[in-house]
1. I'd like to know if the range 256-270 contains one or more residues that are closer than 30 Å to K107 by Cβ and over 16 Å from the mean Cα position of the chain (by Cα).
2. Is there a residue being assigned to a helix (DSSP H, G or I) and under 17 Å from the mean Cα position of the chain (by Cα) anywhere in the range 153-167?
3. Does K189 satisfy being without any contact (Cβ under 8 Å) to a residue 12 or more places away in the chain and part of a loop (DSSP other than H, G, I, E, B)?
4. From the list I283, I251, I269, exactly one residue is within 16 Å of ligand 3 (Cβ to nearest atom) and among the aliphatic types (A, V, I, L, M). Which is it?
5. Exactly one condition in (1) surrounded by 19 or more Cβ atoms within 10 Å (Cβ to Cβ); (2) under 20 Å from the mean Cα position of the chain (by Cα) is false for A128; which is it?
6. Within the range 48-91, how many residues are at pLDDT below 95 and farther than 20 Å from P193 by Cα?
7. Would you check if L212 is part of a helix (DSSP H, G or I), of a type outside the set (F, W, Y), away from ligand 1 (no atom under 16 Å from the Cβ) and over 20 Å from the mean Cα position of the chain (by Cα)?
8. Has the range 15-26 got any residue that is part of a helix (DSSP H, G or I) and within 23 Å of N222 (Cα to Cα)?
Amino acid sequence: MIKRNRCSLCKSKAFIFLKYAGIKLCKEHFTIYFINRMAKTIKKYQMIKPNEKVLIGVSGGKDSIAMLHALNEILKDTNELIAVHIDLGINEYSTESREIFKQICSKIGIKNKIVSIKKRYGFTIEEAIKRVKRPPCSICGLIKRRILNEYAIELGVDKIATGHTLDDEVTYLLINYIDGKIDMLLKRKPILPRIHRKLVARIKPLYEISDLETQIYCLINNLKYVEKPCPYAEDSPTLKIKKIIMQLEEIRPGTKLSLLRNFTNKIHIALERYYLEKTNEKINECIKCGYPTSQKVCAFCKLKEKIQS
Ligand code: Q46
Ligand code: ZN
Ligand code: ZN
């Protein structure tokens, strides 16, 4: 990628220049750097304890594939791991995602499972989107979160690892900030602890790792991932904002990381102190499924009813 440049660590030919860190790395040192950064993130935010059972959510995109590969390297000797792919039922996109998931799991030899939305709830994401007037990704996101959580409870896992990257986090942060959604801002954390018996703790091992880095990790380690985006991704406003943030990073390298770290280490703490002390919102349990909700019926049950009506 860069010519006549040397790796900052071994002086062999550099493959990538990480502007935000001011270092050039060869292929081998980039892989080590990536795994070390993920291990440091896990340690810093106390994401996983030894012997905990971890479910790794894998969509088949570059982020989750890189996360699965690196997490397996870091935890295979200390933790029980299971890779889980959700079959969304979005035509060729889902067919390709499934195949890629199977390939990586057999390549690294990890226990795995494919969970089908159609088999569990009787409809695919494609069908749900046609039946309910709502942004496709909000329907899909709600269903994915629920099914992954349900399956995690059935398996008795301690943590669910998801492939949210630095770019994802900064994007959602900005969107929630623009919309003034303080409740959502409070949920933007590297680890969401178990606050209810029906909610399994979630962790984001890629919290401080960018989309570009996961792509390079896949490239260097010959990891196949779904390159064609989901057909609903193009219209997503989230993706447009993500691109603007990438431009910002180009102009001012390090912006994403400092924005996220400052939010996590300063602003989030202040928000939490101020708002959680003031609001004593009572958490009910959904009368249909028992999941926590501020309403009588939770958002997932309401959505399911609409899809099935
Ligand atoms: S799969 Fe689902 Fe994504 Fe497709 S419909 Fe949107 S949320 S874009 S990660
Ligand atoms: Zn090197
Ligand atoms: Zn419910």
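1. No: zero hits.
2. Checked the range 153-167: at least one residue is assigned to a helix (DSSP H, G or I) and under 17 Å from the mean Cα position of the chain (by Cα).
3. Criteria not met by K189.
4. Just one listed residue meets the conditions, I283.
5. Among (1) surrounded by 19 or more Cβ atoms within 10 Å (Cβ to Cβ); (2) under 20 Å from the mean Cα position of the chain (by Cα), A128 violates only (2).
6. 1
7. No, not satisfied.
8. Looking for residues that are part of a helix (DSSP H, G or I) and within 23 Å of N222 (Cα to Cα), one finds none in the range 15-26, hence no.
The values are calculated or read from the model by the stated rules, or taken from the named source; none is laboratory data. Given the structure is predicted, the values throughout are model-derived calculations rather than measurements. All Cβ positions, even for glycine, are placed from backbone atoms using ideal geometry, and neighbour counts span all protein chains on display.
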